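Enquirer: Below is one structure. I have some questions about it.
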Amino acid sequence: MDGREDQLTVRRAALADTALLSDLGNSTFREAFSHLYRPDDLEEFLAKAHSLTLYERLLKDPNVGTWLAGPANGKPIAYIVAGLCQLPVPNLEPRAGEIRRLYVRSTVQSGGIGTRLLRVALEWLASDRFTPLYVGVWSANYGAQRLYQRYGFEKIGEYEFMVGKQRDHEFIFRQSADFKL
């Protein structure tokens, strides 16, 4: 597969996808960020943040949506998780939504997969009346920041994200109220 968006199938993840999501979450996080962390910090983080238990809980939560993307008859190569906002936003609105995770295999990035998944999740968040919408982005992930800015997200704050004992500097983006898909 060459990463072209029109060759993809996007589907809502089901409980039967728990192990697949855990594996995909682990591998895409490693591809993107493993060079930044000490091995013990990385393993500690992955054991919690991409565990079977975590994905099972997400897939059972009615306030969380998870989608997988990949070739029609192949293994998924990207996923997105959206739901109620969990970012440290002061005075967080009760129905605030969040793009929690968006990961694409490194070999197919910049092929429209992330954009397609983002649109699916934003439409779901809007249809379920999550408002406003937020996303947390690593401060040095300029590609992701540009993607979110194209969808009306603007930086409104900063926070520290723990990966093991390492603190990552993260930005909080909020989608402008007048943005329309």
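Enquirer: Roughly speaking, what is the centre-to-centre gap between region 128-165 and region 48-114 when only Cα atoms are used, to the nearest Å?
Expert: About 13 Å separates the Cα centre of region 128-165 from the one of region 48-114.
Enquirer: With no solvent and one point per C-alpha, what does the Debye sum give as log10 I(q)/I(0) for region 41-108 at q = 0.13, 0.22, 0.23 Å⁻¹?
Expert: Those come out to -0.48, -1.11, -1.15, one per q.
Enquirer: Taking 0.36 nm per residue of separation and subtracting the Cα-Cα distance, what length does fully extending residue 48 through residue 11 add?
Expert: Taking residue 48 through residue 11 to full extension adds about 10.8 nm, to one decimal.
Enquirer: What is the gain in length, in nm to one decimal, between residue 115 and residue 34 on full extension, counting 0.36 nm per residue of separation less the C-alpha to C-alpha distance?
Expert: 26.8 nm
Enquirer: Within region 110-151, report the trypsin sites (Lys or Arg not before Pro) that DSSP leaves as loop and that have at most 10 other Cβ atoms within 10 Å.
Expert: 129
Enquirer: Okay, moving on. Dipole size in debye (nearest 20) for the chain around its Cα centre, Lys and Arg Cβ +1, Asp and Glu Cβ -1?
Expert: 340 debye
Enquirer: Report the residues of region 153-181 in range of a label on residue 95: point 7 Å along Cα→C-beta, backbone N strictly under 20 Å from it.
Expert: Backbone N within reach: 174-181.
Enquirer: Okay, moving on. Full extension from residue 131 to residue 159: what is 0.36 nm times the residue separation minus their Cα-Cα distance, to one decimal in nm?
Expert: Full-extension gain reported as 8.0 nm.
Enquirer: Continuing with this model, one more query. I need the shape label for region 106-181. Rule: rounded when a/c is under 1.5, else prolate if a/b > b/c, else oblate, with a, b, c from the alpha carbon gyration tensor.
Expert: Taking the square roots of the gyration eigenvalues as a ≥ b ≥ c, region 106-181 is oblate.
Enquirer: Can you list the HN-Hα couplings for region 146-152, worked out from phi with the Karplus curve (6.51, -1.76, 1.60; θ = phi - 60°), rounded to whole Hz and with x for Gly and Pro?
Expert: Working through the residues one at a time gives 5, 4, 5, 5, 5, 9, x Hz.
Enquirer: With no solvent and one equal point scatterer placed on each C-alpha of region 5-175, evaluate the Debye formula and give log10 I(q)/I(0) for q = 0.17, 0.19 Å⁻¹, two decimals.
Expert: Rounded to two decimals, the profile gives -1.13, -1.46.
Enquirer: Tell me which residues come under 5 Å, amide H to amide H, from residue 96 once H is placed; ignore anything under 5 positions away on its chain.
Expert: 85, 131
Enquirer: How much net charge surrounds residue 97 when only other residues with a Cβ under 15 Å from its Cβ are counted (Lys, Arg +1; Asp, Glu -1)?
Expert: In short, +1.
We did not get these values from a lab; they are worked out from the coordinates using the rules stated. Keep in mind that this is a model prediction, so the values were computed, not measured. Cβ sites come from the backbone with ideal geometry, for glycine too, and all protein chains shown count toward neighbours.
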